[in-house]
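All remarks here apply to the structure that follows.
The values are calculated or read from the model by the stated rules, or taken from the named source; none is laboratory data. Given the structure is predicted, the values throughout are model-derived calculations rather than measurements. Note that each Cβ is placed from the backbone with ideal geometry, even for glycine, and that neighbours are counted across all protein chains shown. Quick note on the areas: whole protein, heavy atoms, side chains included, nothing else; ligands and nucleic acids left out. Shrake-Rupley method; radii C 1.70, N 1.55, O 1.52, S 1.80 Å.
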Amino acid sequence: GTSMHIEHKLRSTLHALFAVAGLVGPGAVIDAGANNGQDTKWLANLLSSRQVFAVEPLERNIKKIRAVADAHSNIVAIRGSLGNTTGTDSYPAALEHKFDQLDDKTRKYKRGTSAGRVTINVLTVDALFADKVLALAHWDVEGAERQVLEGARSTIARDRPFFTVESFPRTGRRLHAELMQAVRA
């Protein structure tokens with residue numbers, strides 16, 4: 001079936017890329033913004049001889065990815081995010097519990113209310129792949145795709161990987177235009 005993050009048409013396209021012998025060069029795969037790991041699992045099954053790096057900032061999701069990785073020796077789970085510089089970033093702690101808390105009175109899930117921020121590591125693709133070859137990347141990083149591209153310039157120039165990015169040309173015109181300009185650069 002289709003997943004929430006790699007639509008059926010994209011899965012079909014990726015499957016076709018790897019079905020043509022020699023079209024995609026050797027190397028590993030990145031699934032950034034891996035969410036619950038279902039797309040990572042699909043990629044790991046499709047490309048069982050390649051390492052698949054699942055990059056995800058949320059601890060609640062990385063736990064699910066690690067459970068998937070237990071059954072797939074080619075998955076490398078990385079808690080953090082990708083960007084244009086290596087360092088740290090943070091997000092509201094409430095995101096770790098978004099919709100996870102059941103209200104006893106209404107019996108409905110409510111948004112998390114945790115205070116504070118969670119700090120995560122930020123890597124560039126260039127740092128992550130300094131000693132590895134990149135064949136394919138799927139970057140679904142909630143609007144930070146341009147920054148990921150900036151941090152992947154050396155790897156892209158060296159390895160010439162196929163990559164996909166998420167963009168919203170209708171609802172996020174400015175970000176879409178900036179991203180498309182960065183893709184062309």
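Each of the peptides 19-25, 71-77, 86-92 was scored by the mean count of other Cβ atoms within 10 Å over its residues; in descending order, highest first, they stand as 71-77, 86-92, 19-25. Along the Cα-to-Cβ line of Ser49, 7 Å from the Cα, sits a label point; which residues in region 11-32 have backbone N less than 20 Å from it? Residues 14-30 fall inside that zone.
Computed on region 122-163, the Cα convex hull volume stands at 61 Å³ per residue.
Other residues whose C-beta falls under 14 angstrom from the C-beta of Gly116 contribute a net charge of -1, scoring Lys and Arg +1 and Asp and Glu -1.
Expressed as a whole percent, the accessible surface of region 18-79 that belongs to carbon and sulfur atoms is 50, based on a 1.4 Å probe.
Taking Lys and Arg as +1 and Asp and Glu as -1, the other residues whose beta-carbon sits under 15 Å from that of Ala130 total 0.
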